[in-house]
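*Asks:* Sending over a structure as structure tokens; questions will come in a sec.
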Amino acid sequence: MHGGAGALTPDLAGSEPRDWLLLLKPRVVLLVVYTSAVGLVIAPEPIHPVLGAIALLAIALGAGASGALNMWYDRDIDAVMRRTAGRPVPAGRIAPADAAAFGLALAVFSVVLIGLAANWLAAAILAFSIFFYVVVYTMGLKRRTAQNIVIGGAAGAFPPVIGWAAATGSIDLAPLVLFLIVFLWTPPHFWSLALFAHADYARAGVPMLPVVAGARATRRQIAVYTVLLLASSLAPVALGFAGLLYGAAALVLGALFLRHAWAVLNDAQDETGRSLSGDRPARAAFRFSITYLFALFGALALDHALGGMAWLMP
Amino acid sequence: MAHAVSERQHQATPRGEAHDPQAVEIVAHLTRAQSEDLARRRRVRNRALGLVLVGLVALFFALSVSRLADVGDPQKWSRPGAIAPSR
């Protein structure tokens, strides 16, 4: 509820445009648009720039629709988690039914828009990714299993595939490798967050890995997935659709991520595995994971633009 | 802060209009500051909605023009019975 001298009851106060924007999870949307733009840029067939921009807008709206439907469904657990209690629905600034209607309308609009601007294969994948995030992850997995974000991570891995499909009208090995990279990036990213926010998750009854299996097991899993991520990030070079520039960037970024994972694994902890440093390494790993994905995909796009630095070869 | 919101049946129906026994009148007793805040929020929402509508017009105009520009050389497909290729 709004505070201050001019406070109104929720029904009378209503929302502001900013609340509807927050409902779309803008920071997640930014990452989604970025990875899908890279998928679109490295595709072998060019797309009309305006149609490409509209396709990216549609992907952004689809991701935003998923966020809105997620906030509608999770309003009960969002209300008890400190990190999410201020979101528009649990805070009472947007009525749950309005959030659901907004999310559904935006989801349909985004799918039709990308179908008209690009092709119906991209539209079908976008529709499936929204379904996967909302129904499979949010409604099915999130409250039931500690593997929620491992399987649910697939939803966030679709954008580069959609970008590629928007440009080419097909799916190839390259976008599937990008899918794999984002898929393997998701667990260390979210489990780092869950390590220092596990009290929130425990209070809400969400079975995140640190809540169910403990911090020690989570740190081991972060290390395992980071190694797998490093290996998968080199696949574009091995498969020949990325060159030296990307390969060097993937190695350096992977080594830095491994160092963070190592620091998380060796964090000072008590006999139950609880961090004695306030989960400082996990916080650093979480922040770095975002930089990692931006830099890795940026290197791939740059590598593609420069022709893989083939001009450096004799 | 508590606010008095009263609902009461219409006492009188203007001559010539059909009487609607279900009709209610909602009267919110707001302070001046609250009224101004409510009006400001409405104004911001209306402007945002206006921008969205203008954006939609621009979006579909750009989409249509770009699709027309993206159909390639009409010489290659504009023969009887042919349609513009689409991806």
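The values are calculated or read from the model by the stated rules, or taken from the named source; none is laboratory data. Predicted model, so just to flag it, every value in this text is computed and none were measured. Here the Cβ is made from the backbone with ideal geometry for all residues, glycine too, and neighbour counts use every protein chain on show.
*Asks:* Give all pairs with beta carbons closer than 6 Å in which a residue from region A:1-30 that is part of a loop (DSSP other than H, G, I, E, B) meets a residue that is basic (K, R) and modelled with pLDDT under 95; count only pairs at least 6 apart in sequence or on separate chains.
*Replies:* A:G14/B:R41; A:S15/A:R93
*Asks:* Another one. Considering (1) touching a strand residue (DSSP E or B) at 6+ places or on another chain (Cβ under 8 Å); (2) of a type in the set (D, E, K, R); (3) at positive phi, say which one A:D279 fails and leave the rest.
*Replies:* Looking at each condition in turn, A:D279 falls short on (1).
*Asks:* Something else now. Of the conditions (1) over 23 Å from A:Q147 (Cα atoms); (2) modelled with pLDDT under 95; (3) not acidic (D, E), A:A235 fails just one. Which one is it?
*Replies:* Condition (2) is where A:A235 drops out.
*Asks:* Moving on to the next point. Can you find a residue that is at pLDDT below 90, farther than 15 Å from A:W20 by Cα, facing chain A (nearest Cβ under 10 Å) and surrounded by 11 or more Cβ atoms within 10 Å (Cβ to Cβ) anywhere in region B:56-64?
*Replies:* Looking for residues that are at pLDDT below 90, farther than 15 Å from A:W20 by Cα, facing chain A (nearest Cβ under 10 Å) and surrounded by 11 or more Cβ atoms within 10 Å (Cβ to Cβ), one finds none in region B:56-64, hence no.
*Asks:* Right, another one. Can you tell me which residue among B:R32, B:R67, B:R47 is at pLDDT 75 or above, loosely packed, with under 10 Cβ neighbours inside 10 Å and within 11 Å of chain A (Cβ to nearest Cβ)?
*Replies:* Criteria check complete, one pass: B:R32.
*Asks:* Sticking with this structure for a sec: Evaluate region A:71-81: report whether one residue or more is in the same structural domain as A:K142 (by TED's automatic domain parsing), of a type in the set (S, T, Y), at pLDDT below 95 and closer than 29 Å to A:A204 by Cα.
*Replies:* No, region A:71-81 contains no residue that is in the same structural domain as A:K142 (by TED's automatic domain parsing), of a type in the set (S, T, Y), at pLDDT below 95 and closer than 29 Å to A:A204 by Cα.
*Asks:* Could you please let me know if A:L61 is surrounded by fewer than 24 Cβ atoms within 10 Å (Cβ to Cβ), at pLDDT 95 or above and farther than 27 Å from A:A242 by Cβ?
*Replies:* Yes; evaluated as a whole, the condition is true for this residue.
*Asks:* Within region A:60-86, how many residues turn out to be within 20 Å of the chain's Cα centre (by Cα), among the small types (G, A, S) and under 13 Å from A:P96 (Cβ atoms)?
*Replies:* Total satisfying the criteria: 1.
*Asks:* For region A:205-217, does any single residue satisfy the condition of being modelled with pLDDT of 95 or more, out of contact with any Cys (no Cβ under 6 Å at 6 or more places or on another chain) and farther than 20 Å from A:D267 by Cβ?
*Replies:* no
*Asks:* So for region A:270-281 (the condition being out of contact with any helix residue (DSSP H, G or I) (no Cβ under 8 Å at 6 or more places or on another chain), part of a helix (DSSP H, G or I), under 26 Å from A:L195 (Cα atoms) and assigned by TED's automatic domain parsing to the domain that holds A:A213), does at least one residue qualify?
*Replies:* Yes.
*Asks:* Quick one: which of A:W191, A:W164 is surrounded by 23 or more Cβ atoms within 10 Å (Cβ to Cβ), assigned by TED's automatic domain parsing to the domain that holds A:L293 and assigned to a helix (DSSP H, G or I)?
*Replies:* Result of the check over A:W191, A:W164: A:W191.
*Asks:* Checking A:R82 against (1) out of contact with any helix residue (DSSP H, G or I) (no Cβ under 7 Å at 6 or more places or on another chain); (2) surrounded by fewer than 15 Cβ atoms within 10 Å (Cβ to Cβ), which test does it fail?
*Replies:* Unmet condition: (1).
*Asks:* To continue, here is another question. Which residues, taken from region A:133-158, are over 13 Å from the mean Cα position of the chain (by Cα) and either modelled with pLDDT of 95 or more or not in a loop (DSSP other than H, G, I, E, B) (or both)?
*Replies:* Scanning region A:133-158 gives A:V134, A:V135, A:V136, A:T138, A:M139, A:G140, A:L141, A:N148.
*Asks:* Step by step: first the residues of region A:106-115, then only those that are free of Cβ contacts under 8 Å to residues at least 24 places away in the same chain and within 12 Å of chain B (Cβ to nearest Cβ), then the one that is farthest from A:L23 (Cα to Cα). Which residue is that?
*Replies:* Residue satisfying both the conditions and the ranking: A:G115.
*Asks:* Right, another one. Which of the following residues is crowded, with 16+ Cβ neighbours inside 10 Å and not charged (D, E, K, R): A:F109, A:F131, A:F102?
*Replies:* Answer to the selection: A:F102.
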